[in-house]
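Some notes on the structure that comes next.
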Amino acid sequence: MHRQNETPVEASQTSGDLTGGETAFGIARQIPDDTKSRRLVVVSNRLGNLQDLAQAGGLAVGIADALADRGGLWLGASAEHQDSVASDEPLMRLERVGKIETAALTLPQREYALYYNGYANSTLWPLFHYRLDLVDHRSEFLDAYRRINARFAKALARLLPGNDDLIWVHDYHLIPLAAELRRLGFANRIGFFLHIPFPPPDLFVATPDHEELIDNLLCYDVLGFQTETDVMNFRRSVQVTNSTTFDSNGAAKANGRTILARSFPIGIDVDAFARMANEAAEDVQIDSMRRQILGLKQIIGVDRLDYSKGLPGRMQAFARLLERYPEHERAVTYLQIASPTREDVGAYAEIRSQLEATAGSVNGKYADLAWTPIRYIHRAVPRSRLAGLLRASQVGLVTPLRDGMNLVAKEYIAAQDPANPGVLVLSRFAGAAEELAESLIVNPYVIDEVADAIAKALTMPIEERTARHGALLARIRRNDAAEWRQSFIDALAEQG
């Protein structure tokens with residue numbers, strides 16, 4: 001079934017046709033000989049919104065900037081799906097936005113659901129977040145995961161002019177993609193970046209597919225992880241699974257090639273986010289002024305509604321704050337923004353019910369006509385508005401039970417007024433904790449510890465706040481989005 005403006009890329013558009021003349025986008029392009037100038041090809045489960053990067057997440061901005069700088073192609077699944085598996089030929093919508101070429105791949109609806117809601121988010125997501133109790137392993141999930149990755153590879157093969165392009169694959173949805181491309185005969189340098197944690201081997205081997213997953217990952221040339229802990233977990237899992245060992249530089253020999261596994265902590269565009277925060281929407285500014293007049297401070301949490309984020313425990317910690325430190329009653333509010341995600345997966349409906357019940361219980365116990373302790377928003381909020389809300393909050397509460405990096409922690413730091421900054425309370429189980437030592441690091445499983453940290457943040461002297469914030473801001477500037485993408489691309493190019 002072909003939709004308007006969508007066509008299969010014809011078999012004649014092979015490497016010879018794409019090298020010098022018209023590409024599938026109708027744009028002339030020569031592939032440079034210099035390794036550093038090779039075209040960058042990015043593959044992710046979904047395309048970012050290139051028309052409105054100001055509202056896009058950090059990942060989309062980082063990828064878009066890398067592609068805009070070098071020129072390149074971004075392949076991802078379309079938001080629209082086929083009704084059936086009528087054809088194996090790739091069906092793509094091809095567009096160009098500035099120097100960035102995009103290809104939106106239309107996939108069979110049921111197969112995509114089994115791949116995305118099934119294997120990716122009911123098997124891999126809980127496994128990689130250390131939640132073996134939530135892993136749902138079914139053979140039909142794995143079969144769909146393999147088939148969708150094979151479809152991605154076949155689509156990408158139609159768009160590659162040869163083996164010169166650098167290919168950068170993103171996240172757990174596409175682990176088998178390099179193996180599928182190798183089967184098709186492509187020898188390109190292929191990198192993979194995992195945006196979520198990688199579990200230790202004693203958890204990783206609990207899935208019966210762990211050997212296949214390791215074999216697939218070892219088909220890449222460069223493997224990037226958020227933290228040193230994730231890198232070590234991966235290397236140990238590889239050694240346990242097939243006895244391959246990495247040297248002190250993170251290199252190993254496998255499948256006839258040298259493979260590099262290192263940490264590349266993802267960052268944000270600090271100055272751009274700070275500008276956005278400083279230009280807050282009028283209603284955000286009015287709300288901030290109202291709280292200043294009333295002497296109210298604000299604690300903020302911004303998360304996707306996910307069981308890995310520790311949201312019910314966070315609300316319980318706020319309730320414990322009011323119980324242990326009654327002077328904060330009617331003096332502080334907690335704003336929790338929890339945007340919907342993966343609502344077709346049962347575990348997410350459960351966490352939503354639990355969170356709403358906790359918020360209702362706390363408000364029922366403490367609220368009065370002039371003060372609502374917890375303000376809970378379960379919908380997506382534009383990124384520009386979030387930036388203003390982060391700036392207007394005296395405490396940033398980022399307490400996941402397990403997280404890959406958590407860019408909200410870095411966005412909170414970037415959003416603050418350096419002359420009068422707020423304080424970040426951060427889980428030791430967020431990847432950002434490896435970098436952000438000057439925040440108040442807590443164990444999210446210990447409710448009293450989180451409550452005590454919030455109390456300390458609310459009463460911290462300005463001299464200590466500015467010193468902590470200055471150190472944090474300097475670090476996120478050094479390890480920003482540009483450093484992340486350039487260091488990964490350089491490593492991938494050097495491998496070639």
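The values are calculated or read from the model by the stated rules, or taken from the named source; none is laboratory data. Note that the coordinates shown come from a computational prediction; the quantities given were computed from them, not determined experimentally. With ideal geometry, Cβ positions are generated from the backbone for all residues, glycine too; neighbour counts draw on all protein chains shown.
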Within the stretch 337-355, considering residues that are surrounded by 15 or more Cβ atoms within 10 Å (Cβ to Cβ) and in contact with a His (Cβ under 9 Å, 6 or more places away or on another chain), the one modelled with the highest pLDDT: 337
Looking at the stretch 302-420, what helices (runs of 4 or more DSSP H) fall wholly within it and have at least 2 residues that are on the phi < 0 side of the Ramachandran plot and free of Cβ contacts under 8 Å to residues at least 24 places away in the same chain? 346-366
Conditions: (1) in contact with a strand residue (DSSP E or B) (Cβ under 9 Å, 6 or more places away or on another chain); (2) surrounded by 22 or more Cβ atoms within 10 Å (Cβ to Cβ); (3) closer than 28 Å to residue 310 by Cβ. Residue 101 meets all but one. Number of the miss? (3)
Could you grab me the full set of residues in the stretch 213-245 that are without any contact (Cβ under 8 Å) to a residue 24 or more places away in the chain and within 25 Å of residue 183 (Cβ to Cβ)? 243
Is it the case, given these coordinates, that residue 207 is in contact with an Asp or Glu (Cβ under 9 Å, 6 or more places away or on another chain), buried (at least 18 other Cβ atoms within 10 Å of the Cβ) and of a type in the set (Ser, Thr, Tyr)? no
For residue 336, all conditions in the list (1) of a type in the set (S, T, N, Q); (2) more than 30 Å from residue 466 (Cβ to Cβ); (3) touching a Lys or Arg at 6+ places or on another chain (Cβ under 8 Å) hold save one; what is the number of the exception? (2)
Quick check on residue 70: is it surrounded by fewer than 16 Cβ atoms within 10 Å (Cβ to Cβ), in the same structural domain as residue 44 (by TED's automatic domain parsing) and touching a strand residue (DSSP E or B) at 6+ places or on another chain (Cβ under 9 Å)? no
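Under the condition of being among the β-branched types (Val, Ile, Thr) and surrounded by 21 or more Cβ atoms within 10 Å (Cβ to Cβ), which residue from the stretch 256-269 is farthest from residue 473 (Cα to Cα)? Full working, then the answer.
We begin by selecting, within the stretch 256-269, every residue among the β-branched types (Val, Ile, Thr); these are 258-259, 266, 268.
Next, from what is left, pick out any that are surrounded by 21 or more Cβ atoms within 10 Å (Cβ to Cβ): 259, 266, 268.
Numbers: 259: 33, 266: 15, 268: 11 Å.
Across the stretch 256-269, the extreme among qualifying residues is 259.
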What's the number of the condition residue 178 fails, among (1) modelled with pLDDT under 95; (2) out of contact with any helix residue (DSSP H, G or I) (no Cβ under 6 Å at 6 or more places or on another chain)? (1)
Identify the single condition in (1) in contact with a strand residue (DSSP E or B) (Cβ under 7 Å, 6 or more places away or on another chain); (2) outside any loop (DSSP other than H, G, I, E, B); (3) over 26 Å from residue 125 (Cα atoms); (4) not assigned by TED's automatic domain parsing to the domain that holds residue 227 that residue 455 does not satisfy, given that it satisfies every other one. (1)
